[in-house]
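**Student:** Below you will find the structure I want to go over with you.
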Amino acid sequence: MPRGLIRLLGIGTVLLGTLGASVIPSRETRAAAIPRCHTGGVYIALVPNSGQGATGHLDVVFSVRSLTQQSCFLYGYPGIQLINASGHVIVTHVLWGTGFFFTNRPKEQVVLKTGQVAYFDVGWTHLPSPGQSCPTSTFLLVTPPDERTPIAVPATLQQICGGVVSASPISKSNAP
(Lines give C-alpha, C1' and ligand atoms only; values in the text may rest on other atoms or scores of the structure.)
Protein backbone atom coordinates (compact mmCIF):
# COMPACT_ATOMS: atom_id res chain seq x y z
CA MET A 1 0.00 0.00 0.00
CA PRO A 2 1.41 3.44 -0.88
CA ARG A 3 2.76 5.52 1.98
CA GLY A 4 0.38 8.43 1.27
CA LEU A 5 -2.66 6.15 1.50
CA ILE A 6 -1.46 4.69 4.82
CA ARG A 7 -0.92 8.20 6.18
CA LEU A 8 -4.41 9.25 4.94
CA LEU A 9 -6.04 6.20 6.57
CA GLY A 10 -4.25 6.98 9.83
CA ILE A 11 -5.47 10.60 9.79
CA GLY A 12 -9.00 9.45 8.97
CA THR A 13 -8.99 7.04 11.90
CA VAL A 14 -7.78 9.77 14.28
CA LEU A 15 -10.41 12.20 13.00
CA LEU A 16 -13.16 9.61 13.23
CA GLY A 17 -12.11 8.74 16.77
CA THR A 18 -12.06 12.43 17.72
CA LEU A 19 -15.46 13.10 16.16
CA GLY A 20 -16.95 10.05 17.85
CA ALA A 21 -15.70 11.20 21.22
CA SER A 22 -17.08 14.71 20.81
CA VAL A 23 -20.46 13.68 19.41
CA ILE A 24 -21.19 10.94 21.94
CA PRO A 25 -19.67 11.73 25.35
CA SER A 26 -18.77 8.72 27.46
CA ARG A 27 -20.67 7.87 30.63
CA GLU A 28 -17.59 8.84 32.65
CA THR A 29 -17.43 12.25 30.95
CA ARG A 30 -21.10 12.96 31.70
CA ALA A 31 -20.73 11.83 35.32
CA ALA A 32 -17.60 13.96 35.80
CA ALA A 33 -19.52 17.06 34.70
CA ILE A 34 -21.68 16.91 37.85
CA PRO A 35 -19.72 16.46 41.09
CA ARG A 36 -20.74 14.24 43.97
CA CYS A 37 -22.56 15.93 46.87
CA HIS A 38 -20.20 16.27 49.83
CA THR A 39 -21.08 16.37 53.53
CA GLY A 40 -20.50 20.13 53.80
CA GLY A 41 -22.88 20.80 50.90
CA VAL A 42 -26.01 19.07 52.24
CA TYR A 43 -28.45 19.50 55.10
CA ILE A 44 -30.15 16.37 56.47
CA ALA A 45 -33.31 16.45 58.58
CA LEU A 46 -36.12 14.23 59.78
CA VAL A 47 -39.23 14.88 57.68
CA PRO A 48 -41.96 15.99 60.14
CA ASN A 49 -44.92 13.62 60.49
CA SER A 50 -43.27 11.03 58.24
CA GLY A 51 -43.47 8.20 60.76
CA GLN A 52 -45.48 5.10 60.11
CA GLY A 53 -45.83 1.78 61.88
CA ALA A 54 -47.37 -1.66 61.54
CA THR A 55 -46.94 -5.11 63.09
CA GLY A 56 -43.97 -4.16 65.28
CA HIS A 57 -42.19 -2.12 62.60
CA LEU A 58 -41.57 1.64 62.54
CA ASP A 59 -40.27 3.84 59.72
CA VAL A 60 -39.37 7.52 59.28
CA VAL A 61 -38.20 9.56 56.30
CA PHE A 62 -35.21 11.89 56.18
CA SER A 63 -34.60 14.66 53.65
CA VAL A 64 -31.25 15.61 52.14
CA ARG A 65 -31.21 19.21 50.85
CA SER A 66 -28.46 20.56 48.62
CA LEU A 67 -26.80 23.74 49.88
CA THR A 68 -24.28 24.02 47.04
CA GLN A 69 -24.25 26.68 44.34
CA GLN A 70 -23.97 24.05 41.60
CA SER A 71 -25.69 20.76 40.92
CA CYS A 72 -24.31 17.69 42.64
CA PHE A 73 -25.33 14.04 42.79
CA LEU A 74 -25.94 11.37 45.41
CA TYR A 75 -25.89 7.64 44.71
CA GLY A 76 -26.34 4.85 47.20
CA TYR A 77 -27.05 4.46 50.88
CA PRO A 78 -26.45 6.72 53.87
CA GLY A 79 -24.28 5.59 56.74
CA ILE A 80 -26.09 5.68 60.10
CA GLN A 81 -24.88 5.68 63.71
CA LEU A 82 -27.38 5.93 66.57
CA ILE A 83 -26.58 8.29 69.49
CA ASN A 84 -28.42 8.36 72.85
CA ALA A 85 -29.53 11.38 74.91
CA SER A 86 -26.19 11.40 76.79
CA GLY A 87 -24.31 11.69 73.50
CA HIS A 88 -22.99 8.12 73.65
CA VAL A 89 -22.87 5.77 70.71
CA ILE A 90 -25.51 3.03 70.59
CA VAL A 91 -24.28 -0.16 68.96
CA THR A 92 -25.79 0.14 65.49
CA HIS A 93 -26.28 -2.48 62.79
CA VAL A 94 -27.38 -1.00 59.45
CA LEU A 95 -29.09 -3.17 56.85
CA TRP A 96 -29.08 -1.54 53.43
CA GLY A 97 -31.83 -2.04 50.91
CA THR A 98 -34.72 -3.82 52.53
CA GLY A 99 -37.08 -2.65 55.22
CA PHE A 100 -40.66 -3.44 56.14
CA PHE A 101 -41.95 -0.31 54.38
CA PHE A 102 -39.48 -0.38 51.49
CA THR A 103 -38.31 -3.49 49.70
CA ASN A 104 -35.59 -3.74 47.08
CA ARG A 105 -35.84 -0.09 46.07
CA PRO A 106 -33.20 0.31 43.36
CA LYS A 107 -30.27 2.68 43.80
CA GLU A 108 -30.49 5.68 41.49
CA GLN A 109 -28.28 8.63 40.73
CA VAL A 110 -30.08 11.66 42.20
CA VAL A 111 -28.97 15.02 40.84
CA LEU A 112 -29.77 17.96 43.12
CA LYS A 113 -29.71 21.62 42.17
CA THR A 114 -29.38 24.26 44.91
CA GLY A 115 -32.23 23.81 47.38
CA GLN A 116 -33.56 20.58 45.89
CA VAL A 117 -34.29 17.63 48.12
CA ALA A 118 -33.76 13.85 48.05
CA TYR A 119 -35.01 11.32 50.61
CA PHE A 120 -34.19 8.08 52.40
CA ASP A 121 -36.12 5.88 54.84
CA VAL A 122 -34.93 4.42 58.12
CA GLY A 123 -36.92 1.53 59.58
CA TRP A 124 -36.63 -0.71 62.64
CA THR A 125 -38.43 -3.25 64.81
CA HIS A 126 -39.70 -2.13 68.19
CA LEU A 127 -40.72 -5.51 69.61
CA PRO A 128 -37.75 -7.15 71.37
CA SER A 129 -36.62 -10.73 71.11
CA PRO A 130 -35.96 -12.38 74.49
CA GLY A 131 -33.01 -10.69 76.18
CA GLN A 132 -32.76 -7.97 73.52
CA SER A 133 -32.54 -4.29 74.49
CA CYS A 134 -34.45 -1.60 72.60
CA PRO A 135 -32.64 1.72 73.13
CA THR A 136 -33.93 5.14 72.12
CA SER A 137 -31.79 7.32 69.89
CA THR A 138 -32.03 11.11 70.12
CA PHE A 139 -29.53 11.83 67.34
CA LEU A 140 -28.34 10.05 64.25
CA LEU A 141 -24.93 10.55 62.72
CA VAL A 142 -25.75 10.33 59.02
CA THR A 143 -22.96 10.02 56.46
CA PRO A 144 -23.87 10.78 52.84
CA PRO A 145 -22.88 8.09 50.30
CA ASP A 146 -19.15 7.97 49.49
CA GLU A 147 -18.30 10.40 52.30
CA ARG A 148 -16.53 9.87 55.61
CA THR A 149 -17.75 12.83 57.66
CA PRO A 150 -21.19 12.44 59.28
CA ILE A 151 -23.84 15.04 60.00
CA ALA A 152 -25.51 15.07 63.46
CA VAL A 153 -29.27 14.96 62.88
CA PRO A 154 -31.71 15.45 65.78
CA ALA A 155 -34.23 12.60 65.62
CA THR A 156 -35.79 10.70 68.49
CA LEU A 157 -36.24 7.12 67.35
CA GLN A 158 -37.76 5.02 70.13
CA GLN A 159 -37.29 1.35 70.89
CA ILE A 160 -34.75 0.35 68.23
CA CYS A 161 -34.47 -3.30 69.17
CA GLY A 162 -30.96 -4.65 68.95
CA GLY A 163 -29.80 -1.34 67.47
CA VAL A 164 -30.78 -2.72 64.04
CA VAL A 165 -31.99 -0.23 61.45
CA SER A 166 -32.76 -0.64 57.77
CA ALA A 167 -31.93 2.17 55.35
CA SER A 168 -33.25 2.70 51.86
CA PRO A 169 -31.08 4.13 49.10
CA ILE A 170 -31.35 7.88 48.59
CA SER A 171 -34.03 8.68 46.03
CA LYS A 172 -35.79 11.66 44.48
CA SER A 173 -39.16 10.56 45.88
CA ASN A 174 -40.18 10.14 49.50
CA ALA A 175 -42.86 7.58 48.64
CA PRO A 176 -42.22 4.10 50.04
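The values are calculated or read from the model by the stated rules, or taken from the named source; none is laboratory data. Worth saying up front: this structure is predicted, and the values here are computed from it rather than measured. No Cβ is skipped: glycine too gets one built from the backbone with ideal geometry, and neighbour counts run over all protein chains shown. Note: areas computed on protein heavy atoms with side chains; ligands, DNA, RNA excluded. Shrake-Rupley method; radii C 1.70, N 1.55, O 1.52, S 1.80 Å.
**Student:** If R₀ is 35 angstrom, what is the calculated FRET efficiency for the pair GLU108 and ARG148, using the beta carbon separation as r and rounding to 0.05?
**Tutor:** Step by step, r from the Cβ atoms, then E = 0.95.
**Student:** Considering amide H positions built from the backbone, and no H for Pro or chain starts, which residues 5 or more places from CYS37, or on another chain, come under 5 Å of its amide H?
**Tutor:** For CYS37, the qualifying residues are PHE73, LEU74.
**Student:** Can you report the principal axis dimensions of the stretch 53-176 using only the alpha carbons, biggest first, rounded to whole angstrom?
**Tutor:** Largest to smallest, the principal-axis extents are 49, 31, 20 Å.
**Student:** If you roll a 1.4 angstrom probe over the protein chains with everything in place, what fraction of the accessible area of the stretch 41-97 belongs to carbon and sulfur, to the nearest %?
**Tutor:** After summing per-atom areas, the C and S share lands at 57 percent.
**Student:** If N is the number of residues in the stretch 43-96, what value comes out of its Cα radius of gyration divided by 2.2 N^0.38 Å?
**Tutor:** Details: Rg = 14.3 Å, N = 54, 2.2 N^0.38 = 10.0 Å.
Against the empirical 2.2 N^0.38 Å value, I get 1.43 for the stretch 43-96.
**Student:** Under 14 Å from the 7 Å Cα→Cβ point of ASN84, by amide nitrogen: which residues of the stretch 59-77?
**Tutor:** none
**Student:** Compute the Rg to Rh ratio over the stretch 69-139 from the alpha carbon atoms, using the Kirkwood formula for Rh, and round to two decimal places. Walk me through the numbers on the way to the answer.
**Tutor:** Numbers: Rg = 15.7 Å, Rh = 14.9 Å.
Computed over Cα atoms, the ratio is 1.05.
**Student:** Sort 64-74, 41-51 by the packing proxy (mean of other Cβ within 10 Å over each peptide's residues), most packed first.
**Tutor:** Ranked from most to least packed, the peptides come out as 64-74, 41-51.
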